[in-house]
Amino acid sequence: MIEYDLDAIVHPYITEYLREVIPPKEGILRELEAYAKENSVPIVQPETAQLLTVLTQMIRPRRILEIGCAIGYSAILMSESMAEDGSITTVEWDADMTQIARSNIEKAGLSEKIRVVNQDAKELLPTLTGEYDMIFLDGPKAHYIHMLNDCIRLLRKGGILVADNVLYKGMTADEEHVVRRKITIVKRLRHFIAAQMQRKELKSVLLPVGDGVTVAVRM
């Protein structure tokens, strides 16, 4: 079996080049990047962050739903490019992480724009109503498949669904990369990708960006 490879998605020299040409973040986002690195908190990779920025700038969403808030990095990132009257609901199951995210969002002056909900997304999603312009899945990877139907239901026509980490360090694409303890997650991610690609309500693409991203448009 190939050893678990942090650069399994693309060659390391490509990742290095991509990160050289992406403009560095400033202010609170740079602070959160440093905090995440120091405390081993997973946040979106630089290439994925840039993709999120471009997508939000393209559609200027008024309502964004994020699954998996962590320290609030990606929510703050997306808020910079959403509509001026836009808002974000971000869901985080970890109570301690929720408090950190709320503190960071308050520090960024975005408490009125970003609402952090401390709840299991699988339980919350079925209770939500209305339409979202953009949904970002970045929570527990094994749960993506269980949330797909609700994401489609909640996404407006023309809205965008983005799911991060779907290639999962290359394990989703190649059996030789699969670590035994990750087998269930990998199987569910494969199921999610296949199901998403087959749904007639979506036009989807799988991109080798960061740790693998799917982007879909609601038809």
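The values are calculated or read from the model by the stated rules, or taken from the named source; none is laboratory data. Everything quoted here is computed from the prediction, not taken from an experiment. Note: ideal-geometry Cβ built from the backbone for every residue, glycine included; neighbour counts use all protein chains shown. When the accessible area is computed, the model is the full protein with side chains, heavy atoms only, and any ligands, DNA or RNA have been set aside. Shrake-Rupley method; radii C 1.70, N 1.55, O 1.52, S 1.80 Å.
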Could you please find all residues in region 106-130 being among the polar types (S, T, N, Q) and within 19 Å of the chain's Cα centre (by Cα)? N118, Q119
Looking only at region 18-58, count how many residues are hydrophobic (A, V, I, L, M, F, W, C) and over 19 Å from I135 (Cβ atoms). 9
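Based on what the data block shows, is R19 assigned to a helix (DSSP H, G or I), among the basic types (K, R) and surrounded by 13 or more Cβ atoms within 10 Å (Cβ to Cβ)?
So R19 passes the test.
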Can you name every residue in region 200-219 that is out of contact with any Phe, Trp or Tyr (no Cβ under 9 Å at 6 or more places or on another chain), among the charged types (D, E, K, R), under 17 Å from L137 (Cα atoms) and open to solvent by less than 80 Å² (accessible area, probe 1.4 Å)? R218
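Quick grid of which residues meet (1) at pLDDT 95 or above; (2) touching a Phe, Trp or Tyr at 6+ places or on another chain (Cβ under 8 Å); (3) within 28 Å of Q57 (Cβ to Cβ); (4) open to solvent by 50 Å² or more (accessible area, probe 1.4 Å):
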position: Y144; (1), (2), (3), (4): yes, yes, yes, no
position: K157; (1), (2), (3), (4): yes, no, yes, yes
position: D174; (1), (2), (3), (4): no, no, no, yes
position: V178; (1), (2), (3), (4): no, no, no, no
position: H191; (1), (2), (3), (4): yes, no, no, yes
position: A194; (1), (2), (3), (4): yes, no, no, no
position: M197; (1), (2), (3), (4): yes, no, yes, yes
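For region 173-185, enumerate the residues that are within 16 Å of I145 (Cβ to Cβ) and more than 17 Å from the chain's Cα centre (by Cα).
Once the filter is applied, which keeps residues that are within 16 Å of I145 (Cβ to Cβ) and more than 17 Å from the chain's Cα centre (by Cα), region 173-185 yields K182, I183, T184.
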Qualifying residues in region 149-167 (those that are out of contact with any helix residue (DSSP H, G or I) (no Cβ under 6 Å at 6 or more places or on another chain) and assigned to a helix (DSSP H, G or I)) - the one nearest to I67 (Cα to Cα): C151
Considering R60, R115, which residue is under 20 Å from D150 (Cα atoms), surrounded by fewer than 24 Cβ atoms within 10 Å (Cβ to Cβ) and not polar (S, T, N, Q)? R115
Among all residue pairs at least 6 apart or on different chains, which show Cβ distances below 7 Å where the first residue, located in region 116-139, is part of a loop (DSSP other than H, G, I, E, B) and the second is among the aromatic types (F, W, Y) and surrounded by 14 or more Cβ atoms within 10 Å (Cβ to Cβ)? Q119/W93; D120/W93
If I71 satisfies all but one of (1) in contact with a Lys or Arg (Cβ under 8 Å, 6 or more places away or on another chain); (2) of a type outside the set (S, T, Y); (3) free of Cβ contacts under 8 Å to residues at least 60 places away in the same chain; (4) closer than 21 Å to A163 by Cα, what's the number of the condition it fails? (1)
Go through (1) modelled with pLDDT of 95 or more; (2) surrounded by fewer than 20 Cβ atoms within 10 Å (Cβ to Cβ) one by one and return the number of the condition L125 breaks. (2)
Selection count, region 64-105, where residues are surrounded by 17 or more Cβ atoms within 10 Å (Cβ to Cβ), more than 11 Å from the chain's Cα centre (by Cα) and not in a strand (DSSP E or B): 16
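Can A8 be described as outside any helix (DSSP H, G or I), more than 22 Å from V205 (Cα to Cα) and either in contact (Cβ under 8 Å) with a residue 12 or more places away in the chain or open to solvent by less than 60 Å² (accessible area, probe 1.4 Å) (or both)?
On the way: outside any helix (DSSP H, G or I): yes; more than 22 Å from V205 (Cα to Cα): no; either in contact (Cβ under 8 Å) with a residue 12 or more places away in the chain or open to solvent by less than 60 Å² (accessible area, probe 1.4 Å) (or both): yes.
No; evaluated as a whole, the condition is false for this residue.
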